[in-house]
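Only the coordinates and a few stated rules stand behind these numbers; no lab work does. Remember, predicted model here, so these are calculated numbers, not experimental data. Ideal geometry is used to build each Cβ from the backbone, glycine not excepted, and the neighbour counts take in all protein chains shown.
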Amino acid sequence: MAADEKSMIIIGAGFAGLAAGIYGRLNGYRTEIYEMHNLPGGLCTSWKRKGYTFDACIHWLVGSSPESSMNSIWQETGIAPGREFVYAGEYCRAEGADGRAIIFHADTDTLEKNLLETAPQDKEPIMDFIRGIRMCSAFDFPSENEPLLTRIRKQIGTFFTFMKYGNEFRKWTKITGEEFASRFSDPLLRQVFREIWIPEFSMVFLFFTFAYLSKRNAGYPIGGSMPMSEALERRYRELGGVIHYNKRVARILTNDGRATGIRLVDGTEYSAGRVISAADGHATLFDMLDGKFLDAGIREQYDTWPVFHSLLFISLGVNRKFDDMPLSVSGLSFPLKEPVIIADRMRDRLPVHIYNQDPTLAPEGKTVVTIMLESDYFYWKKLAEDRSLYVQKKEESASLIIKLLEQRFPGIADQVEVTDVATPLTFERFTGNWKGSFEGWLITPKNSYTIMKPMSQTVPGLKNFYMCGQWVEPGGGLPTSIMSARRLIKMICREDGTKFKAV
Ligand SMILES: Cc1cc2nc3c(=O)[nH]c(=O)nc-3n(C[C@H](O)[C@H](O)[C@H](O)COP(=O)(O)OP(=O)(O)OC[C@H]3O[C@@H](n4cnc5c(N)ncnc54)[C@H](O)[C@@H]3O)c2cc1C
């Protein structure tokens, strides 16, 4: 590829890298993606084992509703056309030792009624929660693909919504799930609100999740993650984009304050007018760029901002139908008869996700079940110094979990046909994400300003170099990865004095 200003090298074929390629091609750039894995999708992936498909990612896709302004990004990138979405009635449920189940319904009215019936004494925090969801439901952000009049109407609507809720909105960005949970007197509700997402997370994130669910704008795509990644790759190739798989980038080459190309781990070098990294942020800045283009702000982020925790992720292929279980976005959790140490910590509840919303993932009459547990990266890193100990701990953890599942689903141990265990090191090995994080930066009160003011996609002192993806989009997720790529190509078009095109 001739290294003129119309040429781009993109590092990583995850959602952000592929989207950068798509929007780059739509705007006349010659793009080549270098991906270290042999597959597209990065974290948005799944894998097959003996007739079962185990999915590492998608629970809900924000923007699934054709009425949503965000849906246009799924149309532009080839993901929405022909895709079928399922809308589960529940986000999750938490069962208590006292026989109660706290159900987090997707529909806000049903959620309100059910929570008030379950814990009338906690009316005040429950109603704050419901009001927060309704506040976030009121936002209807415009998309530039909509007709001009619709856009203007939505812009005016968004302005007035901010006028009405601005202070309230700002207040909730500063309150974490953990702080909010402490307001409940019902012990089960207190525990559940702490665990429903991530305790450090700003409450606004939770409100938006439920607002999207209630508006049927966060469906589960039938077939799961990999078909979406393949659709993205297809769209990119149809536009004439080039991808090189099994090519790990070791260095971003620079000369006189400009990015000029890349060097792969095998030593080969490639040049381009621009380099975009859609790979892990830490590896990009501290390894590929050798820590040479940092300022105090970037250092502070990497020193102090918390990341989404790494996971012990157990997938099971089970010869059983779960017709009695309601469809759910993220499953149920149940109390263990007594606390048990699984891998690095003591657990008193077990979360279980039953994929009965998607029969395509398992043979007829059978079901995929996953258990996703927070687990420390450094614990597994240390164990892996002795390969046999690491493998032993993986096997031990899976056997223990299957045994514990018997407490809630008697007979399941004999029905498990396939077991697959992914640790934080698995996530790191396959996607390069820092400390095995599954979604990049958490949105906490400290960095909640990024909801309104996006992070920079360039670094100080280096021209022609850019970043996109979850490491420049706190909160992570597929829509934000795509949107950051879209925003970036728009910025590059501006630099070149051309009008951005998305179709
Ligand atoms: C368990 C789980 C559940 C999730 N649930 C949801 C959900 O329900 N909804 C949702 O929207 N999001 C969800 N996510 C988050 C979503 O998957 C991620 O935020 C998103 O996929 C990130 O995309 P990305 O392109 O920014 O990064 P990545 O997917 O990490 O892509 C980076 C790419 O760069 C490549 N790469 C890295 N280093 C190099 C190198 N040196 N050279 C070449 N290539 C390199 C990697 O192999 C990878 O392909 C979930 C994630 C997980 C793990």
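Using a cutoff of 8 angstrom between alpha carbon atoms and counting only pairs six or more residues apart, the relative contact order for the chain works out to 23 percent.
Whole angstrom only: what separates the Cα centroid of the stretch 326-382 from the Cα centroid of the stretch 80-158? What the calculation gives is 24 Å, centre to centre.
In the chain the Cα-Cα distances spread across 10 Å bins starting at 0 as 4, 18, 29, 28, 16, 5, 0 percent of all pairs. Pairs of alpha carbons in the stretch 72-197 separated by more than 27 Å make up 37% of all such pairs. Dipole of the chain (Lys/Arg Cβ +1, Asp/Glu Cβ -1, origin at the Cα centre): which of 286, 160, 2 lies farthest to the positive side? Toward the positive end, the furthest listed residue is 2. For the stretch 448-477, the residues whose backbone nitrogen is under 20 Å from a point 7 Å from the Cα of residue 182, taken along Cα to Cβ, are 448. Based on DSSP H segments of at least four residues, each scored -39500 (n - 2.57), the chain has a per-residue ellipticity at 222 nm of -10500 deg cm²/dmol.
About the centre of its Cα atoms, the stretch 289-445 shows a dipole size close to 180 debye [charges on the beta carbon of Lys, Arg (+1) and Asp, Glu (-1) only; nearest 20 debye]. Label-to-label distance for residue 463 and residue 408 is 5.7 nm, based on points extended 7 Å past Cα in the beta-carbon direction.
Residues 195, 67, arranged from fewest to most other Cβ atoms within 10 angstrom of their Cβ, appear as 67, 195.
Ranked for footprinting exposure by Cβ neighbours inside 10 Å, fewest first, 225, 65, 277, 185 give 185, 65, 225, 277. Taking a span of 24 Å or more along the helix axis (Cα atoms) and a mean Kyte-Doolittle hydropathy of at least -1.0 as the rule, the DSSP H helices of the chain that qualify are 148-173, 387-405, 478-495.
Each label was represented as a point 7 Å from its Cα along the Cα-to-Cβ direction; for residue 322 and residue 237 these points are 3.4 nm apart.
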